[in-house]
Amino acid sequence: MTAPITRRSADRTSPIRLFRTWWNNLSRPQQWLALIPLVVLIYLIPLINPPLLTTEPGTNFPISMANAARFALAALGLNIVVGQAGLLDLGYVGFFAVGAYVAAMFTSRDSMLHHVPYLWTLPMAMVITAFFGVLLGTPTLRLRGDYLAIVTLGFGEIVRLLATIITPLKGQVGLQEVGHPPGNTPSGQPIFAASNGLPWYWLIVTVIILILLIVGNLERSRVGRAWVAIREDEDVAQIMGVPAFTFKLWAFAIGAAIGGLSGALFAGQIGFVNNQGFNVPTSMLFVAAVILGGSGNKVGVLLGAFLVSYIPDRFTLRDEWKYVIFGATLILLMIFRSQGLLGARQRLLAYGRQAYRSLIGRGEQLSSDSPFGAAPAEGPVQ
C-alpha cells in the first residue's frame, strides 16, 4: 500500500499540479492580469526571433508566425464544431474558402462586383459563411458520426469544384491584387504587404484574443453547457429537454463564421485566391490541429495548430524530409498523448467555480478524490 500512496502524494506536489491548483484558485480578473506578460511575449515573438524557434533562412519568421496564427484561428472555429459540440466536420476548408472568396470578390481588381474597403469584408465574410453553415447544417445535422463526416467532406469538395466551374471565380487563374488593411510606411509601401508578416501577425493575434473571449463566454453560458451535453450523449440531452438540433446548428454557424474570417485574412495576406489551396489535405490538417492539441480545449487547439503550421516551415531547407518529420511527430504525439497535448477536462461551468470555492473553501478539485472526504494519510498503511 505504501507505493500507491507515495505516488499519489508525489503527483499532488508536482509543479504542474501545483500550478493548476494555484491557477484555479484565482478569480477571472486575476487570471486575466496573470496572462498579460504571456500575451506581451506572444506579440513580441516575431521581433525576438528566438534561435531555437526561427524558421530562417528557409522561411521568413514573421510570415511563418502569421501563417501559424491564421491556421490557429481556423482551428479555433473548428474546435467549436468538433471539440465543443462533438460534430465530426471533415469539410471545414469549404467555409475557409468561402471567406477567402468573399474578401477577394469585393476587393480584387479582377472582380466585377462593387469594391468595398478590405476591413469591411471581414464581418461580411463571417455573415456569409455563417449563412452557408446554416444552409449546410439544416438538412444534414440530423445525421451523426461517419454519415455527417461524409456529407461535410462532400461540401468541402463542392465548394472547391464550384470555384473551378463558376466563371467569375476564375478557377485556377484566380483573383489577383486582393485588398488589405489601409496604411503605408514612410517610403510609400503598404504596411500590410504580403512580404511583411509582422503587422499581419499582430492583427491575427488580436483577432484570436477577441474570439477567445467570445468563445470562452459561450462555453460558460447555457449554449456551452448544451454543447457539452450533446457531445457526451445527444439522446440523453434531448430527453433532458436540450433542443439538440438548434444548438448543433448554432455550433455549425459560429464555427463557419470563424473559418470564414480566417479565410478572409488569408486572402488579404496572400493577395491572391484561386481554387488550389482549398483541398481535402488542408481540411484534414485543420482536423489534425484540433485532435493534436486536445479536442475541446481552446489553448490546446491553438498549440496544436501552431505545431501543424510551424513544423513544415521549420524544416523547409530539408524539403525532402520535412513531411517525414512532420508525420513522425504527429504519430509520436498521438501514441504518447492520445488525448491531445492539452486534453479537455470536465470543468465547472458558469458560476460553478465561485460556488465551489464558497462551499469548500478552495478552488476546483483536480484529483479524483472527493473534496468532502478527509485527506488520505501520507504515511504507509499498516
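The values are calculated or read from the model by the stated rules, or taken from the named source; none is laboratory data. Source: prediction; values computed, not measured. Every residue, glycine among them, receives a Cβ derived from its backbone with ideal geometry; neighbour counts consider all protein chains shown.
Below, the figures for the structure above:
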item: Conditions (1) surrounded by fewer than 16 Cβ atoms within 10 Å (Cβ to Cβ); (2) in a helix (DSSP H, G or I); (3) out of contact with any Leu (no Cβ under 7 Å at 6 or more places or on another chain); number of the one not met by ILE80; result: (1)
item: Contacts under 8 angstrom Cβ, first residue in the stretch 112-141 being closer than 14 Å to GLY259 by Cα, partner part of a loop (DSSP other than H, G, I, E, B), 6 or more apart; result: THR121/GLY179; MET124/VAL116
item: Flag for PRO57 being part of a helix (DSSP H, G or I) and either without any contact (Cβ under 8 Å) to a residue 60 or more places away in the chain or touching a Leu at 6+ places or on another chain (Cβ under 8 Å) (or both); result: no
item: Selection count, the stretch 179-202, where residues are part of a loop (DSSP other than H, G, I, E, B), surrounded by fewer than 14 Cβ atoms within 10 Å (Cβ to Cβ) and of a type in the set (S, T, N, Q); result: 4
item: Among the residues listed as GLY271, GLY304, the single one being of a type in the set (Gly, Ala, Ser), modelled with pLDDT of 85 or more and within 19 Å of the chain's Cα centre (by Cα); result: GLY304
item: VAL40 vs. criteria among the aliphatic types (A, V, I, L, M), under 30 Å from ALA256 (Cα atoms) and exposed (fewer than 14 other Cβ atoms within 10 Å of the Cβ); result: yes
item: Close pairs (8 angstrom Cβ cut-off, 6 or more residues apart or separate chains): within 17 Å of LEU212 (Cα to Cα) in the stretch 25-41, in a helix (DSSP H, G or I) and of a type in the set (Phe, Trp, Tyr) anywhere; result: GLN31/TRP23; ALA34/TRP23
item: Verdict on LEU136 being touching a helix residue (DSSP H, G or I) at 6+ places or on another chain (Cβ under 8 Å), within 12 Å of LEU87 (Cβ to Cβ), modelled with pLDDT under 85 and surrounded by 15 or more Cβ atoms within 10 Å (Cβ to Cβ); result: no
item: Sole exception among (1) over 30 Å from GLN176 (Cβ atoms); (2) in contact with a strand residue (DSSP E or B) (Cβ under 6 Å, 6 or more places away or on another chain); (3) not hydroxyl-bearing (Ser, Thr, Tyr) for ALA104, by number; result: (1)
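Per-residue answers, yes or no, for (1) of a type outside the set (S, T, N, Q); (2) modelled with pLDDT under 85:
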position: GLY260; (1), (2): yes, no
position: GLN276; (1), (2): no, yes
position: VAL324; (1), (2): yes, yes
position: TYR351; (1), (2): yes, yes
